[in-house]
Amino acid sequence: MEKTKQSSLNKIRLLYFFFRFSTGSLIPFMPLFMSSCGFTHEEIGRLQAIRPIVTMVSAPFWGALSDRTGKKKLILISTFVISAICRLSCAFSKDDMQHFAVALCLTSVFYAAVTCLLDSIVVSSLNSKERLNFGKLRLWGELGNGISSTLMMSVCSNEAYGFEHLFVVHGITAAVAVVFMILCTPSNQYNQNQAKQMTKANGSCNNDTIDWRRSLLDVFTNAEIASILGAVAVTGCSISVLENFSYINIKSLYKAHGQENVLGQEISMYRVFHTCGGMLTWYYSGTWQKKLGPNGVIIASLCCVPLIFFLYAGVGDGLDVRTKIGFAMAEATRSAIFAAMWSSATIRVNMICPPHMTAVLQAIMDGATEALAQL
């Protein structure tokens, strides 16, 4: 495979930045928006359950469809645009829970395709050496997410602004992300040609002669692939459960000490540590994989998960410097471990699975992680 031009890599960096900036500007704040709409805790819980359930079902479908048709770019852009429109429509459904639930459901159906397809397309477009530096491209997404979530947390905490500003920012940055999707992702024809070439190299003639049932059976009976999927799911689930309980704990601490007025600023600070931990790991992930191999990094990441439990457990009951440093370190470690796991798993899955199954495997990995993490 040819070396990717530097200009193309820069476009991919900007694509990840604006894509994650757009999602980070609104998705993390949807529960707060639901609460501002007057929904009860029970209703918010039911609405929040929509995304993981729908993602778990929808993501493999989109992955299989893109692998089968080869039209990954078309599906990526179409689903992202439709999901953004559906998410923006939630702003007009805040007075009706049923309409809100329908909007969330449609958003989740189409958004389920986006992250897995984007990662699959980018990794597949890189040669074997460049794939080890996939993390250095992906870290720009972490940067975009960190900046947007930090800024939007400040907006949410400022009485002069409302949630409508978050929807505006999301719409604008999503449009910019679409432009970069058009500019820097390979064409549908390129994806189809690459799939045909790699399939022929593996012994099949063309897309029509592929035994899809046999391919699925071979993939899911592959011990290494099954182990990778399990490791990613366990890590993602553990980290997300910890995140939910830790933020509940930190909010309770600030409320108990009468410092709710600075909670937004403090959480923004913790998000900065979270972003820094992820960015550092994405940057050095290629170096670690050269030394340990993707599987070595996956095993090391899995072994480090208990460390996050100990760090969160060590957070005190007060609001002194020790408590804040402990929580910041736990946030950075949580982000770093998942980034190491995800980058290595993405690269390894693309290396060992059949070329006509890369998107569906990425989708299954993403869908399972999303579902287990939020249910």
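The values are calculated or read from the model by the stated rules, or taken from the named source; none is laboratory data. Small disclaimer: the values here were computed from a predicted structure and weren't measured. Don't worry about glycine lacking a Cβ; one is built from the backbone with ideal geometry, like all the others, and counts go over all protein chains shown. Note: areas computed on protein heavy atoms with side chains; ligands, DNA, RNA excluded. Shrake-Rupley method; radii C 1.70, N 1.55, O 1.52, S 1.80 Å.
What's the magnitude of the charge dipole for region 47-153 around its Cα centre, counting Lys and Arg as +1 and Asp and Glu as -1 at the beta-carbon? Answer in Debye, nearest 20.
Details: 11 positive and 6 negative charges, 78 e Å.
Around 380 debye, computed over region 47-153.
Relative contact order for region 1-137: what percent, with Cα pairs under 8 Å and sequence separation of 6 or more? Can you show the working numbers first?
On the way: 98 pairs, mean separation 48.1, N = 137.
Averaging sequence separation for qualifying contacts and normalising by length gives 35 percent for region 1-137.
Which percent of the accessible heavy-atom area of region 80-173 goes to carbon and sulfur, probe 1.4 angstrom? It would help to have the intermediate numbers written out before the result.
Details: 2530 of 3850 Å².
Of the solvent-accessible surface of region 80-173, carbon and sulfur hold 66 percent.
Enter the accessible area per residue of region 1-76 (Å², integer; probe 1.4 Å; all protein chains in place).
On the way: 3700 Å² over 76 residues.
Ligands and nucleic acids excluded, the figure is 49 Å² per residue.
Of the trypsin sites (Lys or Arg not before Pro) in region 2-78, which ones lie in a loop per DSSP and count no more than 15 other C-beta atoms within 10 Å? Please report the intermediate quantities before stating the final value.
On the way: sites: Lys3, Lys5, Lys11, Arg13, Arg20, Arg46, Arg68, Lys71, Lys72, Lys73; in loops: Lys3, Lys5, Lys71.
Filter output for region 2-78: Lys3, Lys5.
May I ask you to derive the relative contact order of region 265-347, considering only C-alpha pairs under 8 Å and at least 6 residues apart, and to give it as an integer percent?
Values: 86 pairs, mean separation 42.7, N = 83.
Relative contact order for region 265-347 comes out at 51 percent.
For region 11-74, what class follows from the C-alpha gyration tensor (a ≥ b ≥ c being the square roots of its eigenvalues): rounded when a/c is under 1.5, otherwise prolate if a/b is larger than b/c, else oblate? Please report the intermediate quantities before stating the final value.
Details: a/c = 4.65, a/b = 1.53, b/c = 3.05.
Note, shape of region 11-74 comes out oblate.
Determine, for each peptide in 167-178, 337-348, 275-286, the mean count of other beta carbons within 10 angstrom over its residues, then list the peptides with the highest first. Display every interim value, and only then the final one.
Details: 167-178: 19.0, 337-348: 25.7, 275-286: 22.3.
Highest to lowest by the protection proxy: 337-348, 275-286, 167-178.
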